[in-house]
Amino acid sequence: MDDQGSITVGGKVYPLKKGQHFIITTLADQWTIKGDMMIIASEPGPDSLKA
């Protein structure tokens, strides 16, 4: 694993490398991740919407 790749959002490519962080918001209706990386992902659950 070479720990690098890219994420494409709205036709723009953003390079990624080991140790970087990013957030994909609901404004990004389509996105693609490419490369040889390990990714840790999380998604808020319904309880996170409670005030």
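The values are calculated or read from the model by the stated rules, or taken from the named source; none is laboratory data. Since the structure is predicted, the reported quantities are computational estimates derived from the model, not experimental observations. When we count neighbours, we look across all protein chains shown, and the Cβ atoms used for this are built from the backbone with ideal geometry, even at glycine. For accessibility, only protein heavy atoms count, side chains too; no ligands or nucleic acids. Shrake-Rupley method; radii C 1.70, N 1.55, O 1.52, S 1.80 Å.
Checking each residue in the stretch 9-29 for being under 10 Å from the mean Cα position of the chain (by Cα), loosely packed, with under 10 Cβ neighbours inside 10 Å and not aliphatic (A, V, I, L, M) picks out H21, T25.
May I ask you to verify whether D47 is modelled with pLDDT under 90 and touching a Lys or Arg at 6+ places or on another chain (Cβ under 8 Å)? No, not satisfied.
Restricting attention to the stretch 1-23 and to residues that are touching a residue at least 12 places away in the same chain (Cβ under 8 Å) and in contact with a Phe, Trp or Tyr (Cβ under 8 Å, 6 or more places away or on another chain), the residue that is nearest to S42 (Cα to Cα) turns out to be F22.
When you look at A41, is it in contact with a Gly (Cβ under 9 Å, 6 or more places away or on another chain) and without any contact (Cβ under 8 Å) to a residue 24 or more places away in the chain, yes or no?
no
Please work out which residue is least open to solvent (accessible area, probe 1.4 Å), limiting yourself to the stretch 30-51 and to residues that are assigned to a loop (DSSP other than H, G, I, E, B) and among the small types (G, A, S). Can you show your working first?
Looking only at the stretch 30-51, we keep the residues that are assigned to a loop (DSSP other than H, G, I, E, B), and these are 30, 37-45, 50-51.
Right, trim to among the small types (G, A, S) and you get 41-42, 45, 51.
Details: A41: 91, S42: 116, G45: 35, A51: 148 Å².
Filtering the stretch 30-51 for residues that are assigned to a loop (DSSP other than H, G, I, E, B) and among the small types (G, A, S), the one least open to solvent (accessible area, probe 1.4 Å) comes out as G45.
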